[in-house]
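The values are calculated or read from the model by the stated rules, or taken from the named source; none is laboratory data. Just so we're clear, the structure is a prediction, and the values are computed from it rather than from any experiment. FYI the Cβ positions are ideal-geometry reconstructions off the backbone, even for glycines, and counts take in every protein chain you see.
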Amino acid sequence: MEKCHCARVPFEQIAKLALNRNCSYERVAKDLNAGETCTACREDMKAYCESICGAKEHKQHTNRLNPSFA
């Protein structure tokens, strides 16, 4: 899966926005409602965004911003 089909948001867009805003991909995904409706894309979104943005930085944000991405 390459995007959240419910919100029509490509994972690439989420990762790029997270890097540009210097925030977690979880924050961007929540702002765009990605992964919020059916949640089927969450694991693929997590894997993609962590491969682009780096997993270490985003794991520290996960519980604080959106525990459902843990």
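Here are a few things to note about the model shown:
- Scanning segment 12-45 for residues that are at negative phi and touching a strand residue (DSSP E or B) at 6+ places or on another chain (Cβ under 6 Å) gives LEU32, ALA34, CYS41.
- When GLU26, GLU36, GLU57, GLU2 are checked against the criterion of being among the acidic types (Asp, Glu) and at pLDDT below 95, GLU57 stands alone in meeting it.
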